[in-house]
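What follows is a set of notes on a single structure, which appears directly below.
The values are calculated or read from the model by the stated rules, or taken from the named source; none is laboratory data. This is a predicted model, so every value here is computed, not measured. Using ideal geometry, Cβ is built from the backbone for each residue, glycine included, and neighbour counts are taken over all protein chains shown.
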Amino acid sequence: LLESDVALETAEKICNDLKENLVGREVKKKEIEKIIKETIKKSLEEILDQGEIDLAKEIKKKKPYLILFLGFNGSGKTTTIARLAHFLKKRGFTINMAAADTWRAAAIDQLEKHAKTLGVPLIKHKYGADAAAVVFDAMKHAQARGIDVVLADTAGRSHTNVNLMEELKKICRVNKPDLKILVVDSLTGNDAVEQAKAFEEAVGIDAVILTKMDVNEKGGAALSVTHTIKKPILYIGVGQEYDDLEKFDPKKIIKNLLE
Ligand code: GDP
């Protein structure tokens with residue numbers, strides 16, 4: 001498990017489950033391997049099964065539906081927003097984007113580029129502006145034009161940064177997002193757990209999108225993050241193109257981990 005980048009805490013839980021399920025149990029010698037594998041598989045399934053969210057169904061319940069994207073810089077947040085915009089557009093939803101990472105001028109520019117390519121309106125303020133106000137304006141813009149979904153970027157300096165967490169709390173207080181998605185880089189190993197904990201404690205997470213799964217197919221981060229915050233993984237990022245967003249398949253991860 002550790003070789004597959006599963007966080008230590010999570011690997012320990014799986015080992016303890018295995019112990020609990022096996023100690024004192026009488027099994028035939030030739031079945032030992034099979035039983036151990038089955039028990040590990042069951043434990044992995046339990047961790048990864050955090051329910052599902054049918055995004056299209058959820059979005060239809062409320063208009064405009066606000067999705068807030070959270071995560072560390074470099075995790076793939078901007079790319080993920082663009083990919084989800086593309087995905088939702090293909091399914092007939094109308095969208096706008098809120099450039100609420102006002103800490104980096106480059107973040108606003110990057111999102112704007114995607115918005116232009118995808119033909120989606122972008123709501124932005126000046127660099128350094130109040131992030132909560134940007135999201136608020138994007139919601140007003142969507143209400144006025146009957147837009148279905150608002151996709152809001154947020155800042156992602158170090159998750160230990162208190163100001164950042166305060167800013168995220170304010171965005172949530174003012175705008176009451178319908179869905180808070182944490183974007184996690186699947187290559188970050190143990191740090192993914194720390195990030196998940198910090199964002200969950202500060203604002204609460206509803207779902208996770210794991211990026212860069214094309215680079216790391218083992219998917220230990222999937223296990224660590226779901227075990228830590230007990231929230232479902234909605235999609236995975238599998239490349240740098242707009243279509244590189246896939247539905248999360250726990251079976252595939254389990255197969256990779258047990259191979
Ligand atoms: P942000 O700082 O969180 O907004 O991160 P970006 O969206 O700018 O992504 C950081 C880098 O990771 C960029 O070079 C992206 O092209 C790359 N990236 C994002 N998602 C994926 C993915 O699923 N697979 C791969 N291979 N690269 C990705």
Search result, residues across region 53-65 that are under 15 Å from the mean Cα position of the chain (by Cα), surrounded by fewer than 18 Cβ atoms within 10 Å (Cβ to Cβ) and among the aliphatic types (A, V, I, L, M): Ile53
Out of (1) surrounded by fewer than 23 Cβ atoms within 10 Å (Cβ to Cβ); (2) at pLDDT below 95; (3) not β-branched (Val, Ile, Thr), what's the single condition that is false for Met213? (1)
Residue count, region 66-89, condition modelled with pLDDT of 95 or more, outside any helix (DSSP H, G or I) and more than 11 Å from the chain's Cα centre (by Cα), comes to 2
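Kindly indicate which of Asp244, Asp191 is within 15 Å of the ligand (Cβ to nearest atom), farther than 24 Å from Leu55 by Cα and among the acidic types (Asp, Glu).
Working: Asp244 fails: farther than 24 Å from Leu55 by Cα.
Being within 15 Å of the ligand (Cβ to nearest atom), farther than 24 Å from Leu55 by Cα and among the acidic types (Asp, Glu) holds for just one of Asp244, Asp191, which is Asp191.
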Residue count for region 1-40, restricted to those that are surrounded by fewer than 16 Cβ atoms within 10 Å (Cβ to Cβ), touching a Ser or Thr at 6+ places or on another chain (Cβ under 7 Å) and not in a helix (DSSP H, G or I): 0
Just a yes or no: is a residue in region 72-82 on the phi > 0 side of the Ramachandran plot, in contact (Cβ under 8 Å) with a residue 24 or more places away in the chain and within 16 Å of the ligand (Cβ to nearest atom)? yes
Residue set Leu111, Leu66; condition away from the ligand (no atom under 16 Å from the Cβ) and out of contact with any Cys (no Cβ under 7 Å at 6 or more places or on another chain); output residue Leu66
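Would you please name the residue that is modelled with the lowest pLDDT, looking only at residues in region 11-34 that are within 28 Å of Phe248 (Cβ to Cβ) and not acidic (Asp, Glu)?
Across region 11-34, the extreme among qualifying residues is Asn21.
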Residue count, region 91-113, condition outside any loop (DSSP other than H, G, I, E, B) and surrounded by fewer than 16 Cβ atoms within 10 Å (Cβ to Cβ), comes to 5
Within region 15-42, residues being among the β-branched types (Val, Ile, Thr) and under 18 Å from Leu2 (Cβ atoms) number 2
Quick one: would you say Arg91 is away from the ligand (no atom under 16 Å from the Cβ), within 26 Å of Glu58 (Cα to Cα) and out of contact with any helix residue (DSSP H, G or I) (no Cβ under 9 Å at 6 or more places or on another chain)? no
Residue check for Val203: in contact with a Leu (Cβ under 7 Å, 6 or more places away or on another chain), under 23 Å from Leu258 (Cβ atoms), of a type in the set (Val, Ile, Thr) and away from the ligand (no atom under 13 Å from the Cβ): no
